[in-house]
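Okay, so here's the structure we're looking at.
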């Protein structure tokens, strides 16, 4: 409770006291004293009300300052959130691109059907399907190809994951790659 409220309360009690006192104990001659006392306590009430007005104005000013700070912080945080969302969207896009680049090579069912139809004219022939050792993607794709070839009645020699490349430590990397 601020001091202005106390002043208003004291002024009201004084004014009530003056009215009751002069109503029960006063006479016509003391009427002037009653008016003066009432004016004094009414002035005290007015001072208290003015103090409350000043405190109210100060509270409103501070509230406006707090709202301005809050609005500025909110705008700043919204900007940071928008930037973070943009960065997250870019990261998701880059991640999808990386997944696409590193996704294993596989044939869809439609691709398998189309290849099978084209290979039917080679039925009865013999082919070798091979891949490098430790090449999981090559072995997976090779398995699909062997299935398609078998379905087209082509005899398959399965040599998946059977080829191993050895590189001598005496060769430079460029030389080793040329020999492969």
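Bear in mind that the values in this text are calculations on the coordinates, not laboratory data. Predicted model, so just to flag it, every value in this text is computed and none were measured. All Cβ positions, glycine included, derive from the backbone under ideal geometry; neighbour counts span all protein chains shown.
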Please report Rg over Rh for the range 42-105, where both radii come from the alpha carbon positions and Rh follows the Kirkwood definition.
1.65
How large is the convex hull of the Cα atoms of the range 48-180 per residue, expressed in Å³ as a whole number?
240 Å³
Heads up, the range 69-120 by the C-alpha gyration tensor (a ≥ b ≥ c square roots of eigenvalues; a/c under 1.5 rounded, else a/b over b/c prolate, else oblate) looks prolate
Label model pair residue 13, residue 75: point-to-point distance (7 angstrom along the Cα→beta-carbon line) in nm is 5.0 nm
